[in-house]
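The values are calculated or read from the model by the stated rules, or taken from the named source; none is laboratory data. Note that the structure is a prediction, hence the values are computed from the model and not measured. Neighbour counts are summed over all protein chains in view; Cβ atoms, including those assigned to glycine, are modelled from backbone coordinates with ideal geometry. Surface areas here come from the heavy atoms of the whole protein model, side chains and all, with no ligands, DNA or RNA. Shrake-Rupley method; radii C 1.70, N 1.55, O 1.52, S 1.80 Å.
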Amino acid sequence: MNQQAPAAPALPVSLAANPKLSAWLEFSGDGQVMVSPGKVEIGQGIVTALAQIAADELDIDLSRVQMIRASTASSPNEGVTSGSLSIQQSGRALRHACAEVRRIFLQQAAERLGVDADALDIEDGTISGPGNVTTSYWELAGEVSLDRDATPGVKPKTASRRALAGNSVQRIDIPDKVLGRPRFIHDQALAGMLHGRVLRPENARAKLMELKEDGARAVPGLIAIARDGSFAGVVSETEHGAEAALNALRKGATWSDGEPLPDENELASFLKAQPAESTIIDKKTAAQPGTVARTIKRQYTRPYIAHASIAPSCAMAQWDGDRVHVWTHSQGVYLLRADLALVLKLPVEHITVEHMEGAGCYGHNAADDVALDAALLAKAATGRPVRVQWSRQGEMSDCPFGAAMAIEIEADLDERGEIVDWRHSIWSNGHAARPGRAAQPALLASYELANPFPRMISTNPPQANGGGGDRNSIPLYDFPSWRIESHRLTTMPIRTSALRTLGGQGNVFAIESILDEIATERGEDPVAFRLRHLRDERAKDVIRAVAARAKWKPEKRPGIGYGVGFGRYKNTGAYCAAIAEIEGAEEISVRKLTLAVDVGEAINPDGVVNQIEGGAIQATSWVLKERVRFDRQRITSTSWTEYPILRFSEVPDVEVEVIQRPEIDPVGAGEAAHGPVTAAIANAVFDALGVRVRDLPITRDRIIAAMELSS
Amino acid sequence: MPSVRFRLNGAETEIDADPDRSLLDVLRGQLRVTGPHFGCGAGECGACNVILGDRAVSACDTPLWSVADKDVTTIEGLGTSEQPHPLQRAFITEQALQCGYCVSGILISAAALLKRNPSPTSREVKEALDRNLCRCGSHNRMVRAVLRAAEEMAAG
């Protein structure tokens, strides 16, 4: 057998892309460490987890770590904060960078103190050695340059020597938020700041034919009316004035009819009828094909789902000659900058994009769109900063949505009801149209200009990055053969982009639903069925853990149902199993969700629980309530009345068990629960009512329709 | 411009503004009180809740004239970093939020509840918060935090 030489140690991906150590951290004069990740806080607690990693590796108290907000002026470029990758990418890079910095300082201390580096110890940044010699990071900071590249092969601490990682420390951003201190971009006021609002049509993609400006011009405080093709907006001294001017401008606007939208009640046939790019995602061939006794074929759908952030998107921009500074809650400051450069026709060096916290976004919402809006309106503000905030209606209708999906699974069964072949097909728009990744911009206003850019059609990330519409479509089970196919639409009447899990929620719903059906038909317990078809012990462990915790399967009671669902996010990330307990007949309420999750090393276990709980509750909301509504002209679900989400009185109890594996590299938790919870609820509905609802959301109407179909 | 007087977080406040404007607009605009957050502008999400007298109301659909001579409490008036309200302490202890944009309105609804019902049940807390929306799914932690604060306040 050929012996391969061990691969040379490699730097973590983010560090390889941004090797300068000083880009990641710096010691300040007052006993602090400034840590600069390229990932941003979007309410998931990432900044705290990254601070824990840095403090651990440097042997300093957590209170000494100052986390710097990402900015294209200084931060490492870590692309976008998405895909539950921040712990994996930023965490590993910081851990490595801090370990190397620690070693550099120990060597410097050893020289200065005249002792061996191995004899030195660090406690809260103070470096001490034999004979009571001491110094510190801060004393040595002037002698050590971190303007050097990270080197591969540095070994961070072993799991057992970490003091903070693995502990539930309190999030550093929470006190500000509960005390009402201005922390959100929405609450900032720059000196001399003006307020802008953008006029947008009700009908999809309608063009602005005529604009009478007199009404708006008469509103006190008006600074400017901006117009470029179908893009129009106002700038005012006050927010109130901007709103009033916008209302006046709306009255003076004449729009074209716009472009037709699909029939919201015929989503599957719409999706299947569109031109599409078809890809074989995976194919597995059995050594010996089994004998097919019968085939079951099922279709599952999920609707367009809104990100529906609680805060309307907001941004600020200020021009200085031919340079512009943009403040944004975008998930990717560098990517937004690239798109701004395309639209504004500026070199990227002329644009600074700085992150400020916004509300939870759950994917690609209007954060980036509003940043371009602000940059365009600020052009009319003669150097003063302009703050733009979208309306609730805009947030619910002009944002990209999570893509609707139709999923068909055909399972060939042998005479014992065992699966011998499996075919999974997906019809869906692409699940990603984020900025900064193409030769054309992904920003709404860029399609509205007099010289518009072509509308971006969403694509899917490659399988190596977890895929898009096909995310989680390859079975984790040991079926002998399968064929997975994805049809990505090449038309896009309704704008879609990344929403938590991309296609993962839909695919896990479909797979776990049909498995439940096959197990039930065999008369086999669905937990036992899954365990029998899994080879990965970590997968089996989360299922066994959740079954034990939920005392699977509780005795049958009228009106109550129990269901299970399992998935490993992206097939490479966090393992999660869920059991749902539901109650109801026509109106379903989810009483309890029990989950078990394995993210490898959980840096902040309470942070993991918080993310899983949140994901489980959000998924319950998607499953029971959420569906973007539209007629043939426009999006109609433009308020919380028309797009209801789960309320306090409807929220299930949620119990989460984290299986800690400190020796295994950590992965993110934010998207692990959605698929398994969706499937668990659907399977519990069957357990309670004896009907399979295969079209989300599971509403009263859908249950009645399914009952009529099965009777 | 007519002026409207009211007490904001205990301080006598006089503001020159159109009395038909929303309280939220005036708080966040002229008064630079940014704790109450704009969420929908239609009284549907609770992110802008303030206590008016002893009730939690959404400031976005409360006209300025209607608060004349009344007491308005925002999140800023609930507690300070030196002396946080028991609810604020409990929300930190329970890590009862994710993004936190809705939380100032939720703390206000909870504070109004505890004023009229110092020892609510979990169901009563959920009912009191039912008009507040949270998109991150932090509901259960928030309910636990409110119950914790109630216990702490009862213990004195």
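Key figures
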{"read-out": "Estimated FRET transfer efficiency (residue A:345, residue A:320; beta-carbon r; R0 25 Å; 0.05)", "value": "0.90"}
{"read-out": "Reachable lysines from residue A:592, criterion Cα separation under 19 angstrom, eight or more residues apart if same chain", "value": "A:551, A:553, A:556, A:625, B:126"}
{"read-out": "Whichever aspartates and glutamates have a C-alpha closer than 16 Å to that of residue A:20, once near sequence neighbours (fewer than 8 apart) are set aside", "value": "A:78, A:100, A:147, A:149"}
{"read-out": "Added length on full extension, which subtracts the Cα-Cα distance from 0.36 nm per residue, residue A:711 to residue A:181", "value": "185.0 nm"}
{"read-out": "Computed helical MRE - 222 nm, chain A, DSSP H runs ≥ 4 contributing -39500 (n - 2.57), nearest 500", "value": "-8500 deg cm²/dmol"}
{"read-out": "Summed buried accessible area for B+A [probe radius 1.4 Å, Å², rounded to 100]", "value": "4400 Å²"}
{"read-out": "Dipole of chain A, positive direction: furthest Cα of A:425, A:566, A:305, with charges on the beta-carbon", "value": "A:425"}
{"read-out": "Those lysines that a straight Cα-Cα span of less than 20 Å connects to residue A:345, excepting residues fewer than 8 apart in one chain", "value": "A:379"}
{"read-out": "Unit charges on C-beta of K, R, D, E only; dipole of the protein assembly as shown, Debye", "value": "1020 debye"}
{"read-out": "Cβ-Cβ FRET estimate between residue A:664 and residue A:382, R0 fixed at 56 Å, reported to 0.05", "value": "0.50"}
{"read-out": "Span-rule helices in chain B, defined as complete DSSP H runs reaching 15 Å or more along the axis (Cα) with Kyte mean at least -0.5", "value": "B:103-116, B:139-155"}
{"read-out": "Two-site label geometry, residue A:257 and residue A:134: point separation in nm, points 7 Å out along Cα→Cβ", "value": "8.1 nm"}
{"read-out": "Relative contact order (%) - criterion: Cα under 8 Å, at least six apart; region: segment A:311-465", "value": "25 percent"}
{"read-out": "Sulfur and carbon atoms: percent of accessible area, chain A [1.4 Å]", "value": "48 percent"}
{"read-out": "Spin-label zone in segment B:51-65 - amide nitrogen under 14 Å from a point set 7 Å from the Cα of residue A:247 along the C-beta vector", "value": "B:61-64"}
{"read-out": "Rg/Rh for segment A:217-332, where both radii come from Cα atoms and Rh is the Kirkwood radius", "value": "1.21"}
{"read-out": "Segment A:606-711, accessible area per residue, ligands and nucleic acids excluded (1.4 Å, Å²)", "value": "33 Å²"}
{"read-out": "Exposure rank, largest accessible area first [A:155, A:556, A:592; 1.4 Å]", "value": "A:155, A:556, A:592"}
{"read-out": "Computed E for residue A:116/residue A:160 - FRET, C-beta separation, R0 25 angstrom, nearest 0.05", "value": "0.55"}
{"read-out": "Alpha-carbon gyration tensor eigenvalues x 5, square-rooted, for the protein assembly as shown, Å", "value": "40, 37, 29"}
{"read-out": "Spacing of the two label points (7 Å from each Cα toward its C-beta) at residue A:126 and residue A:68, in nm", "value": "2.8 nm"}
{"read-out": "Two-site label geometry, residue A:410 and residue A:704: point separation in nm, points 7 Å out along Cα→Cβ", "value": "3.5 nm"}
{"read-out": "Euclidean distance between Cα centres, segment A:463-521 to segment A:636-678, Å", "value": "18 Å"}
{"read-out": "Sulfur and carbon atoms: percent of accessible area, segment B:39-156 [1.4 Å]", "value": "47 percent"}
{"read-out": "Other protein chain Cβ atoms within 10 Å, averaged over every residue that makes up B:15-28", "value": "1"}
{"read-out": "Residue-normalised accessible area of segment A:230-333, given per residue in Å² at a 1.4 Å probe", "value": "43 Å²"}
